[in-house]
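The values are calculated or read from the model by the stated rules, or taken from the named source; none is laboratory data. Since this is a predicted model, take the numbers as computed values, not measurements. Reconstructed Cβ throughout: ideal geometry from the backbone, glycine too, with neighbour counts over all protein chains shown.
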Amino acid sequence: MRILIVEDSDSVSKMIEALVKGRGHHVETAASGPRALELAFTTEPELILLDLHLSGSYDGFEVCRRLRADPRTTAVPVVVISALDDSESKQRALETGASAYYTKPFSPMALLKEIESFQTRSA
């Protein structure tokens, strides 16, 4: 499965990358919203793991909105992984098109099960 990780913390990005690569997935990473959109539109990921707090011009909410608005990525599942644990942020993420929401720190096994469920649905 082709997975795009959008995370501006290098250590968190590397941890998630190692986790999903360990399961045999192909991974691309982006540390900013504009780079995430560029990669999403050109590499055709099958799943996007998205942080909400991104440095630069687009936060994760805006990235998710733009992904949903573009026909190339409108159906790609977006799993939010965020330090925001309030119900308003979760609701806002789901309203912008997130498929699932995980709060940091998250269970690596739960995330892998989520990824596998999307992989099964797309097969």
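At-a-glance table
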{"item": "Hits in segment 16-42 (condition: in contact with a strand residue (DSSP E or B) (Cβ under 9 Å, 6 or more places away or on another chain), surrounded by 14 or more Cβ atoms within 10 Å (Cβ to Cβ) and not aliphatic (A, V, I, L, M))", "result": "Glu17, His25, Glu28, Thr29, Ser32, Gly33, Arg35"}
{"item": "Residue that is surrounded by the most Cβ atoms within 10 Å (Cβ to Cβ) [pool: residues in segment 76-123 that are part of a loop (DSSP other than H, G, I, E, B), more than 13 Å from the chain's Cα centre (by Cα) and of a type in the set (A, V, I, L, M)]", "result": "Leu84"}
{"item": "Qualifying residue in segment 43-61 (condition: among the aliphatic types (A, V, I, L, M), part of a helix (DSSP H, G or I) and either more than 23 Å from Lys90 (Cβ to Cβ) or under 11 Å from the mean Cα position of the chain (by Cα) (or both))", "result": "no"}
{"item": "Test for Glu62: is it modelled with pLDDT of 95 or more and loosely packed, with under 15 Cβ neighbours inside 10 Å", "result": "no"}
{"item": "Given (1) under 10 Å from Leu4 (Cβ atoms); (2) in contact (Cβ under 8 Å) with a residue 60 or more places away in the chain, index of the condition Ile81 fails", "result": "(1)"}
{"item": "Criterion: within 20 Å of Asp8 (Cβ to Cβ), at pLDDT below 95 and of a type outside the set (A, V, I, L, M, F, W, C) - qualifying residue of Thr103, Thr96", "result": "Thr103"}
